[in-house]
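Colleague: Pasting in a structure now, in structure tokens, and then I'll have a few things to ask.
The values are calculated or read from the model by the stated rules, or taken from the named source; none is laboratory data. Bear in mind that the values here come from a model prediction, so they are computed numbers and not experimental data. Counting neighbours? That spans all protein chains shown, and the Cβs are built from the backbone with ideal geometry, glycine included.
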Amino acid sequence: MRIHHRRRGGYQKKELMPLYRANESILSPEVRVIDEEGKPLGVLATKEAIAIARERSYDLVEVSPKAVPPVCKLIDFGQFKYQKEKELRIQKARAKKVEVKGIRLSIRMGEHDTEIRRSQAVEFLNDGHKLKLEIILRGREKEHGDLANERINSFIKLLEANHALQLEQPISRNRGNVSAIVGRKS
């Protein structure tokens with residue numbers, strides 16, 4: 001039976017952007033105020049700082065809540081949030097996404113099949129991905145795990161002809177599977 005996502009509590013979106021308090025939501029009784037041009041106005045009572053911000057048609061935004069007293073700036077809150085979201089999007093776009101690509105080998109694999117897997121692996125490594133080399137042992141092959149280890153080691157040596165590799169996860173055996181994860185050296 002399928003459990004509906006609303007019954008499980010739904011999906012929760014991760015909040016990536018930090019929460020900025022503005023105007024009446026600032027909890028501290030006193031704040032250090034910086035005006036719209038970046039000049040300090042000193043430590044003021046929060047209500048007084050909000051009044052000054054309204055008078056100059058700006059918002060009082062808490063930019064450094066952990067400071068004692070918290071640092072607040074007179075800025076347009078909508079524009080400030082937009083700038084922060086824009087910076088976050090740019091940062092996210094620049095972040096390097098590394099995937100683990102799977103290459104499935106076999107103990108009884110032919111030379112041509114090995115060459116095809118090697119060319120695929122080289123392509124993945126050139127794109128900056130990591131590789132999970134995996135052999136699924138069937139039937140009597142399960143008795144000869146050492147052959148699977150040798151096959152993975154020989155495949156890694158084949159790849160090292162093109163790239164400097166580092167072993168992310170050593171060769172491990174989990175029941176009928178033998179696997180290792182390799183990536184390019186940075």
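Colleague: Working only within segment 115-131, note down all residues that are of a type outside the set (A, V, I, L, M, F, W, C) and buried (at least 16 other Cβ atoms within 10 Å of the Cβ).
Modeller: Hits for segment 115-131 are 117, 118, 129, 130.
Colleague: Within segment 135-156, can you find the residues that are among the charged types (D, E, K, R), buried (at least 16 other Cβ atoms within 10 Å of the Cβ) and within 37 Å of the chain's Cα centre (by Cα)?
Modeller: Of everything in segment 135-156, just one residue is among the charged types (D, E, K, R), buried (at least 16 other Cβ atoms within 10 Å of the Cβ) and within 37 Å of the chain's Cα centre (by Cα), namely 151.
The rows are residues; the columns are (1) farther than 21 Å from residue 172 by Cβ; (2) touching a strand residue (DSSP E or B) at 6+ places or on another chain (Cβ under 6 Å); (3) outside the structural domain of residue 172 (by TED's automatic domain parsing).
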position: 104; (1), (2), (3): no, yes, no
position: 110; (1), (2), (3): yes, no, no
position: 114; (1), (2), (3): yes, no, no
position: 118; (1), (2), (3): yes, no, no
position: 121; (1), (2), (3): no, yes, no
position: 130; (1), (2), (3): no, yes, no
position: 135; (1), (2), (3): no, yes, no
position: 144; (1), (2), (3): no, no, no
position: 147; (1), (2), (3): no, no, no
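Colleague: Residue 184 - would you say it is surrounded by 14 or more Cβ atoms within 10 Å (Cβ to Cβ), over 23 Å from residue 96 (Cβ atoms) and of a type outside the set (A, V, I, L, M, F, W, C)?
Modeller: For residue 184, the condition - surrounded by 14 or more Cβ atoms within 10 Å (Cβ to Cβ), over 23 Å from residue 96 (Cβ atoms) and of a type outside the set (A, V, I, L, M, F, W, C) - is not met.
Colleague: Follow-up. What pairs can you find where one residue is in segment 23-34 and assigned by TED's automatic domain parsing to the domain that holds residue 53 and free of Cβ contacts under 8 Å to residues at least 60 places away in the same chain, the other is surrounded by fewer than 14 Cβ atoms within 10 Å (Cβ to Cβ) and not in a strand (DSSP E or B), and their Cβ atoms are less than 8 Å apart, with a gap of 6+ or different chains?
Modeller: 32/67
Colleague: Additional query: For segment 17-44, which positions are surrounded by fewer than 17 Cβ atoms within 10 Å (Cβ to Cβ), over 16 Å from residue 77 (Cβ atoms) and touching a strand residue (DSSP E or B) at 6+ places or on another chain (Cβ under 6 Å)?
Modeller: 30, 40, 41, 43
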